[in-house]
Amino acid sequence: MTLLSTRRLSKDFGGLHAVRGVDFDLPEGQIRALIGPNGAGKTTFVGLVCGRIAPTSGSVRFAGDDISRLPAHRRIRLGIAYTFQITSVFARLTCGENVALAVRRRGGDPDREVPAALDRVALAAHRHRLAGDLSYGHQRLLEIAMGLAQSPRLLILDEPTQGLSDSEIEAFKSLIRELGGQTTILLIEHNMSVVMETADIVTVLNFGEVLAEGPPEAIRADRAVQAAYLGTG
Amino acid sequence: MSDAGKSLALHLGLLALLFALQFVLPAYHHGNLSRIMVLATYAIGYNLLFGYTGLLSLGHAMFFAAGMYGMGLTIRHLGLSPGPALLIGVLSGLALSAAVGALALRTAGVAFMIVTLMFAQAGYLIILYFGDWTRGDEGFVIQQAQRVLWGIDLSQPTARYFAAWTLFATCLILSLRLIRHPFGKTLIAIRENEDRARMLGYDTFRHKLGAVVLSGTISAAAGAAYGLLFGYAGASFATVQYSILPLLWVLLGGAGTLIGPFLGTLFTFYLIDIASGLTTAYMLVVGVVLVLITLFARQGIGGEIRARVWAWLP
Ligand SMILES: Nc1ncnc2c1ncn2[C@@H]1O[C@H](COP(=O)(O)OP(=O)(O)OP(=O)(O)O)[C@@H](O)[C@H]1O
Ligand SMILES: [Mg+2]
C-alpha cells in the first residue's frame, strides 16, 4: 500500500522554484532516502508534506486521504513525525519533558515510554538534564527520540546524522534498520554510507525536480546523479 | 520531599501565613494586604498568559474592567445582589477574552501587543461613551447596602480580607494545578518553542486561545472582586496604566513563577506607598527600581530565587 504520495507538488519562493512538480510515492514499510545537492529542495519538499510550508500547487495524500488542506498539527496527528534539520528542541526543558510532550500528545504514558524512547538513542542517563545543555550531536539524538516517541506511521528525518560522531552514526544505522518494517521512514541524508546501508530506495532531487529514483547501488552508478553532485550536470 | 511536595508546601504555607496575618496586622497594613491579594490575583491571571504561554498583552485592563463593570453595572442598574453580579463580571471577562483572543491571536509578537493595546483602548472609550450608564472617569460608588454577600458585609475589613484571601487562594491553587496538568505543560512548550510544539501535533492556536480565556477570566474575577470589595468602579481601571501594572508586577516578581505575581504586587505596592510618602515623583523611583531589577535580577524576584536557591520552584 502507498502510504504517502504527492502529485505535481510545487513551491516557489518569489521567482525561485524550490520544488517543481514532484510526483512521489512511498510504500508503507519502506526506508526511503532523499538525497540531492545543497539547495535541491529536500527540506522544502518534506515541509510541504508535513504542512509547515504551504505549496504553490499540487497535492499530498497520506494513507489514502488527501491531506493537502490540513494544517500541520492535524497531519502530525495522522501519524507523521518530523524532525528538524536545524535542531529544534525545547532548550529550557529537560530531555525527559521534551520526549514526554511527544508521548502525551497521543495519549501515551510518559512514565513508561519516556525512558524507553531515550534509551533507544542512548540518552537515558540525560533524562533530567536541560536539553539546551546537551552537545549538538546529543540534541540531534533527542530530536530522533521525540520522533520515535510519537510512534509515527511515517518518520521524516532531515539530516539526522549531521554532527554525530562515527560511533553514534553506526548506532543510528542499526536503529533505522531495526525500525524498518514497522515504520515507514523518509530520510534526508548527505552521508552516503548511511544512505547505502539503510535505504531500500533512493530518490534524488536536483533543482527541485526528481532526477533519479532506484535502489542504492543503481543510484550510485547513475551518471546523471554523479554529474549533479559534481556540479557539472 | 519530592519537588511537587515542596512546592505544594511552599504555596500552602504562603496561604496559611496570609490567613494568619489578618489577626496581627495593624489596620492600615491589613487593608493594604486585602488590596494586594486582589491585585495579585490579577497578576496571576496575567502571568498565565505572559509568564507561562509567552504572550505579551498590553491590554489586560479591558478584562479587569470587564469584570469590574460586569459586576458594578448589574448591581447599579439591575439591582442584582453581589453573588450573581460577581458571576456576571466573571462571565463578561470570559466572553470578552474569547472574542479578543480569537481575533488578536491571528497576530504574534509586537503585532499582538499592539492589537491587544488597541482593543483595550477601544474598551476604555466605550466606557466613556456610555457615560450615562458608567459615569465615565468619575465612576460610581457601590453602596455598602449593595455589598452584602450571603449575609456577609464585604465593606467590613475582616470580611473583605477573608474574601480577598479566598479569591487569591483559589486562583493560586488553580494555577498550581494547571501547570502540572498536560494543558499547562503544553502552554510552557509553546512559550519555549511554538513551532516545535505544533510539529509535535499540538493545536497551538487553541491552546493559546485557552490561555487567553483563562487569563482574561481570572483578571475579570479580580476586577469584579476589586469593585465589590472596595465599593467603586471607574474608567481609570480600564486605562493603559492598568494594563502595564500587571506586566510590571509579574516582571518584578518573576514571570513564569507561581509565586512571582504575589511577590511583585506586594513589592510594587509598598514601593509606591513608601516612595510617595517621600516625594511626589514616586513613579520615577519605581522606574529606577525597575531598571535596576532588569539589570541585576533579570528573572525577577521569584526567578532569581529559582535560579539561586530553590530550583524546584514552579
Ligand atoms: N523560506 C524561504 N524563502 C526563500 N527561499 C527559500 C526558503 N526556504 C528555502 N529557500 C530556497 O529554496 C531552495 C531549496 O532549499 P531547501 O532548504 O529545500 O534545500 P535542501 O535541499 O534542503 O538543502 P540543504 O541540503 O542545504 O539542506 C534553496 O535555494 C533555498 O535557498
Ligand atoms: Mg535541507
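Descriptive notes on the structure:
- The criterion of being open to solvent by 30 Å² or more (accessible area, probe 1.4 Å) and within 14 Å of chain A (Cβ to nearest Cβ) holds for B:Lys185.
- Qualifying residue in the range A:106-114 (condition: more than 13 Å from every other protein chain (Cβ to nearest Cβ), more than 16 Å from ligand 1 (Cβ to nearest atom), within 30 Å of A:Val22 (Cβ to Cβ) and in contact (Cβ under 8 Å) with a residue 24 or more places away in the chain): no
- Scanning the range A:147-178 for residues that are away from chain B (no Cβ under 13 Å) and of a type in the set (Asp, Glu) yields A:Glu159, A:Asp166, A:Glu168, A:Glu170, A:Glu178.
- When residues of the range B:95-104 are limited to those that are of a type in the set (A, V, I, L, M) and crowded, with 20+ Cβ neighbours inside 10 Å, the one nearest to B:Phe64 (Cα to Cα): B:Leu96
- Out of B:Ile142, B:Ile152, one residue alone is under 20 Å from B:Phe63 (Cβ atoms) and β-branched (Val, Ile, Thr). It is B:Ile142.
- Residue list for the range A:154-171, filter: β-branched (Val, Ile, Thr) and away from ligand 2 (no atom under 16 Å from the Cβ): A:Ile169
- Residue, least open to solvent (accessible area, probe 1.4 Å), within the range B:105-146, restricted to residues that are polar (S, T, N, Q) and in contact with a strand residue (DSSP E or B) (Cβ under 9 Å, 6 or more places away or on another chain): B:Thr134
- Filtering the range A:13-43 to residues that are within 14 Å of ligand 2 (Cβ to nearest atom), away from chain B (no Cβ under 14 Å) and either part of a strand (DSSP E or B) or open to solvent by 20 Å² or more (accessible area, probe 1.4 Å) (or both) leaves A:Phe13, A:Ala18, A:Val19, A:Ala33, A:Leu34, A:Ile35, A:Pro37, A:Asn38, A:Gly39.
- In the range A:142-165, the count of residues that are touching a Cys at 6+ places or on another chain (Cβ under 7 Å) and within 16 Å of ligand 1 (Cβ to nearest atom) is one or more.
- Taking the range A:76-95 as the range and being open to solvent by 40 Å² or more (accessible area, probe 1.4 Å) and either facing another protein chain (nearest Cβ under 9 Å) or out of contact with any helix residue (DSSP H, G or I) (no Cβ under 6 Å at 6 or more places or on another chain) (or both) as the test, the residues that pass are A:Arg77, A:Leu78, A:Ile86, A:Ala91, A:Arg92, A:Thr94.
- Close pairs (8 angstrom Cβ cut-off, 6 or more residues apart or separate chains): within 15 Å of B:Phe112 (Cβ to Cβ) in the range B:202-230, among the charged types (D, E, K, R) anywhere: B:Thr204/B:Glu194; B:Thr204/B:Arg198
- Residue ID - farthest from A:Arg106 (Cα to Cα), chosen from residues in the range A:119-174 that are basic (Lys, Arg) and part of a helix (DSSP H, G or I): A:Lys173
- A:Ser59 satisfies every condition listed in (1) outside any loop (DSSP other than H, G, I, E, B); (2) within 15 Å of ligand 1 (Cβ to nearest atom); (3) not acidic (Asp, Glu) except (2).
- For B:Gly201: the one exception among (1) open to solvent by 10 Å² or more (accessible area, probe 1.4 Å); (2) within 14 Å of another protein chain (Cβ to nearest Cβ): (1)
- Of everything listed in (1) in a helix (DSSP H, G or I); (2) surrounded by 15 or more Cβ atoms within 10 Å (Cβ to Cβ), the single unmet condition for A:Ile185 is (1).
- Which listed residue, of A:Gly132, A:Gly147, is touching a residue at least 40 places away in the same chain (Cβ under 8 Å) and farther than 21 Å from A:Glu28 by Cα: A:Gly132
- Tabulated pairs, the range B:169-182, first without any contact (Cβ under 8 Å) to a residue 40 or more places away in the chain, second charged (D, E, K, R) and open to solvent by 20 Å² or more (accessible area, probe 1.4 Å), C-beta under 7 angstrom, 6+ apart or interchain: B:Pro182/A:Arg104
- Residue satisfying all of: in the range A:44-75; more than 16 Å from ligand 2 (Cβ to nearest atom) and of a type in the set (Val, Ile, Thr); surrounded by the fewest Cβ atoms within 10 Å (Cβ to Cβ) among these: A:Thr56
- Considering residues of the range B:16-32 that are open to solvent by 10 Å² or more (accessible area, probe 1.4 Å) and in contact (Cβ under 8 Å) with a residue 12 or more places away in the chain only, the residue nearest to B:Leu252 (Cα to Cα): B:Asn32
- Candidate set from the range A:128-146 (those that are open to solvent by 60 Å² or more (accessible area, probe 1.4 Å) and within 12 Å of chain B (Cβ to nearest Cβ)); member that is farthest from A:Cys50 (Cα to Cα): A:His128
The values are calculated or read from the model by the stated rules, or taken from the named source; none is laboratory data. In this text, all values refer to a predicted model and were calculated from it rather than measured experimentally. Here Cβ is always computed from backbone atoms with ideal geometry, including for glycine, and neighbour counts include all displayed protein chains. Protein only, heavy atoms only, side chains kept; ligands, DNA and RNA dropped before computing areas. Shrake-Rupley method; radii C 1.70, N 1.55, O 1.52, S 1.80 Å.
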